[in-house]
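Right, one structure below, let's go through it.
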Amino acid sequence: MKTFPAIFTGIFATFALGWAGAVMIPQFQLGGLQPQVDEEMGDIYPINVGGVTDQGRRVYASEGCFYCHSQQVRGKFDGSDIERGWGGRRTVARDYIYDDPIFLGSMRKGPDLANAGARTTKPESFYRELYDPRGAVPGSTMPSYRYLFTKRKISGQRSVDALDLAGPDAPEPGYEIVPTGEAKALVGYLLSLDRNHALKEVPQEAKKK
Amino acid sequence: MSVTVTPTKPVLPQPGSAPISVAELDQVDRALIDASASGPVLFFYTTAITWLLAATVFGFISSMKMHSPEFLGGWSFLTYGRIWPAYIDTLTYGWACPAGMGTLIWLMVRLCRVSLRKPALLVFGGIFWNIGVTVGVVNILLGVNSGHALLEFPSSASAILFIAYSLIAIWGVAVFENRRPGPVYVSLWYLVGALFWFPWLYGAANLMLTVLHVRGVMQSIVVAWFGANFIGLWMGAIGLASVYYFIPKVTGRPVASYYLASIGFWSFALFYPWLGGAHLAGSPVPVWMPTMGIAASIMSVVTLATVFVNFAMTMRGSYNMIYHSPTIRFTFYGAVAFIVTGLVNMIGSFRSVDRLTHFTEFGAGELHLGVYAFFSMAMFGAIYYIAPRLVGCEWLSATMIRLHFWASAYGIGLLICMMLFGGLAHGSAMDNTGQPFESVIEMGQPYMRGQTVAWIVLIIGHAFFTINFLLMILRFGKPAGQPTLFAPMEGEPH
């Protein structure tokens, strides 16, 4: 251990071993994962939706949603996620092949969102919670994302996206609160989150009654 | 930010006086080496402490928001999802990395016994690094986030950081090559490892995520690998190098066993790169990956045991130094925290524990154990020793050092306890499906308030540290030569 080549070789070899084992072998194992194609039914899962979903995913990243919300359902052995109603089955690597970036998450200060779009299907519910989290869920510690909404004068017809607000939150008459493009993209992304599709590598785990 | 520095002038013997002794020559030698390193090292330290203050503010704000979400709620750039990553990245890239690099540079020139040449290379590296961190943190606050934990910075900032680090690594290899002949001290192994590992780690992680663009869960695997190595291996190496240097240096006793130190180093290099896998337990990845991580975290007990035995044996009979020397007090806290970090990581990696703690504050507790309780405390200890020797002026106030120590020790201890136990409580409640999710969150609120209390204590500690550092840099301290101690001691100082 007294000479530079000896130390350096050891330093190189140990780190190379860890890198090969912890990063490169997984890449060979998982890097080429393809969607599941059921030719009889003409059914492909997952689908790369793109468009507004991609924009929404960027908003999800920039607002840091993933620091408090996970997007993964663990199997019964690893947690109570399925019993909590966060998904019908555990999620597997194939569920995420088009998620870029992926938000498995490491924190649940809020509920898991792996199947958020399957649980909540109305955009209004998401808008309401983003605008006034404690109005929607008492005791919620989620920040309010009012800066993703704008107040504007109603010209002619009231916008279909306008929030139905009552009490101190309600805008003055003649005005309405509408989501910005970012909020619309974010909610579009949340609505797209549904990972309940059957996959051959994971049996549907029966929900405990 | 520029720091004007007048390094200590070595006392050169007058012609015709008595021949100088080896010890005196050594002293002159060390003073010359210190003088050559003072510019870059103090530059790194000053910027690091500036970022530490920013991290303190960000950390306090984000802890407030956990229990009072309307606190400063109106501003988009202060929303929790931006201020939290800004805090973590400021703490790691802004404070920890430059503090570690400053210490690395000084230890390299001292241990290789060469004067620092080409300081401009290092100062450029330091300037680039700080530009990179600034660009990255401002982008996060403005809402540009890559979505990968600890790698949030946009690729422009990552590229700047990579170039900056490369300048430092090139310099480091040159110094090592030009070292004076003699045995290579154990700290140098860790430093050479740190110099070499980081560019590979940071370069490979960023290349895979942005250029090669790996898909799906591969991104999580790369991020887990990076995060564990960034804190465990890179900060671990510099922190241990510092502990291995200062405990023998200040106690005046050689490292108890070189044989143990060697086993400690190679087990560290072999097992720590695998630890990231443990964070993937229960994730949608092949089961062998978390299993390898758990196995590595159990094997890392070898490293912990050798480090523990070696430091305990070296300190034996010198524990009273903790009472006298600020450097030893901080360094010893760091060394103990290194072992606690390893044990908590190991316990947390067990699947029965991870099942509860996986999606809780527990992970943040592990991060703060590694980055603050171990690494930052070791760096504080190093700064208390190194900085006065470079400025040529001692710390003004032992009381301020004492307050800094107690505030940091208790503040981070409280913060980590709140995170670890809060995480366990949160996880157990979440595992109990009879408890509605709203009540799980409500149950965690006292722990969040406890974190804010911890932050207030940390703010006090960092304020005293900064004031004391500024006064010393501005040469308001005591004259050089008499180290500022907590209590006067007999015999050899420091």
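Name the single residue that is modelled with the highest pLDDT among those in the stretch B:15-40 being of a type in the set (Asp, Glu) and open to solvent by less than 70 Å² (accessible area, probe 1.4 Å). Walk me through it before giving the result.
Looking only at the stretch B:15-40, we keep the residues that are of a type in the set (Asp, Glu), and these are B:24, B:26, B:29, B:34.
Restricting the remaining residues to those that are open to solvent by less than 70 Å² (accessible area, probe 1.4 Å) gives B:26, B:29, B:34.
Numbers: B:Asp26: 82, B:Asp29: 83, B:Asp34: 86.
Filtering first and then ranking leaves B:Asp34.
Applying the selection to the stretch A:108-134, what residues are farther than 19 Å from B:Met66 by Cβ, in a helix (DSSP H, G or I) and within 11 Å of chain B (Cβ to nearest Cβ)?
Hits for the stretch A:108-134: nothing passes.
Taking B:Val144 and the conditions (1) in contact (Cβ under 8 Å) with a residue 12 or more places away in the chain; (2) over 22 Å from B:Phe380 (Cα atoms), which numbered condition does it fall short on, given that it satisfies the others?
(1)
Find the helices (runs of 4 or more DSSP H) located wholly in the stretch B:107-226 whose residues include 1 or more that are under 19 Å from the mean Cα position of the chain (by Cα), more than 12 Å from chain A (Cβ to nearest Cβ) and not hydroxyl-bearing (Ser, Thr, Tyr), and list them. Even if it seems obvious, please write down each step before you answer.
Details: elements: B:119-142, B:155-177, B:186-206.
In the stretch B:107-226, the matching helices (runs of 4 or more DSSP H) lie at B:119-142, B:155-177.
When the stretch B:251-273 is examined, which residues are found to be touching a residue at least 40 places away in the same chain (Cβ under 8 Å) and open to solvent by 10 Å² or more (accessible area, probe 1.4 Å)?
B:Thr251, B:Gly252, B:Arg253, B:Pro254, B:Val255, B:Ala256, B:Ser257, B:Tyr258, B:Leu260, B:Ser262, B:Ile263, B:Tyr272
Regarding A:Gln71, is this residue within 11 Å of another protein chain (Cβ to nearest Cβ) and closer than 23 Å to A:Pro133 by Cβ?
Details: within 11 Å of another protein chain (Cβ to nearest Cβ): yes; closer than 23 Å to A:Pro133 by Cβ: yes.
Yes, satisfied.
Determine whether the stretch A:145-156 contains at least one residue that is among the polar types (S, T, N, Q) and in contact with a Gly (Cβ under 9 Å, 6 or more places away or on another chain).
Just the residues of the stretch A:145-156 that are among the polar types (S, T, N, Q), to begin with: A:150, A:155.
Filter once more, keeping what is in contact with a Gly (Cβ under 9 Å, 6 or more places away or on another chain): none.
No, there is no match, as no residue in the stretch A:145-156 is among the polar types (S, T, N, Q) and in contact with a Gly (Cβ under 9 Å, 6 or more places away or on another chain).
What is the one condition in (1) within 30 Å of A:Phe28 (Cα to Cα); (2) touching a Leu at 6+ places or on another chain (Cβ under 7 Å) that A:Pro123 does not satisfy?
Status for A:Pro123: all satisfied but (1).
Can you list the helices (runs of 4 or more DSSP H) found entirely within the stretch B:312-385 that contain at least 3 residues being more than 22 Å from the chain's Cα centre (by Cα)?
On the way: elements: B:321-324, B:326-349, B:351-357, B:362-368.
Qualifying helices (runs of 4 or more DSSP H): B:321-324, B:351-357.
Could you tell me which of the residues B:Gln482, B:Gln435 is open to solvent by 20 Å² or more (accessible area, probe 1.4 Å), over 30 Å from B:Phe246 (Cα atoms), not in a helix (DSSP H, G or I) and not hydroxyl-bearing (Ser, Thr, Tyr)?
Details: B:Gln482 fails: over 30 Å from B:Phe246 (Cα atoms).
Step by step, each of B:Gln482, B:Gln435 is checked, and only B:Gln435 is open to solvent by 20 Å² or more (accessible area, probe 1.4 Å), over 30 Å from B:Phe246 (Cα atoms), not in a helix (DSSP H, G or I) and not hydroxyl-bearing (Ser, Thr, Tyr).
With A:Phe66, A:Phe77 as the choices, which residue is within 11 Å of another protein chain (Cβ to nearest Cβ), in a helix (DSSP H, G or I) and among the aromatic types (Phe, Trp, Tyr)?
Numbers: A:Phe77 fails: in a helix (DSSP H, G or I).
Just one listed residue meets the conditions, A:Phe66.
Out of all the residues in the stretch A:103-160, which are of a type in the set (S, T, N, Q) and either within 25 Å of A:Gly79 (Cβ to Cβ) or loosely packed, with under 14 Cβ neighbours inside 10 Å (or both)?
Just the residues of the stretch A:103-160 that are of a type in the set (S, T, N, Q), to begin with: A:106, A:115, A:120-121, A:125, A:140-141, A:144, A:150, A:155, A:157, A:159.
Scanning the stretch A:103-160 gives A:Ser106, A:Asn115, A:Thr120, A:Thr121, A:Ser140, A:Thr141, A:Thr150, A:Ser155, A:Gln157.
Is at least one residue of the stretch B:54-64 away from chain A (no Cβ under 14 Å), of a type outside the set (Val, Ile, Thr), under 17 Å from B:Val138 (Cβ atoms) and within 18 Å of the chain's Cα centre (by Cα)?
Within the stretch B:54-64 (the criterion being away from chain A (no Cβ under 14 Å), of a type outside the set (Val, Ile, Thr), under 17 Å from B:Val138 (Cβ atoms) and within 18 Å of the chain's Cα centre (by Cα)), the answer is yes, since at least one residue qualifies.
Exactly one condition in (1) out of contact with any Asp or Glu (no Cβ under 6 Å at 6 or more places or on another chain); (2) assigned by TED's automatic domain parsing to the domain that holds A:Gln71; (3) touching a residue at least 40 places away in the same chain (Cβ under 8 Å) is not met by A:Pro179; state its number.
Tallying (1) out of contact with any Asp or Glu (no Cβ under 6 Å at 6 or more places or on another chain); (2) assigned by TED's automatic domain parsing to the domain that holds A:Gln71; (3) touching a residue at least 40 places away in the same chain (Cβ under 8 Å), A:Pro179 fails exactly one: (1).
The values are calculated or read from the model by the stated rules, or taken from the named source; none is laboratory data. Note that the structure is a prediction, hence the values are computed from the model and not measured. All Cβ positions, glycine included, derive from the backbone under ideal geometry; neighbour counts span all protein chains shown. Each accessible area value is taken on the protein alone, full model and side chains, heavy atoms only, with ligands, DNA and RNA left out. Shrake-Rupley method; radii C 1.70, N 1.55, O 1.52, S 1.80 Å.
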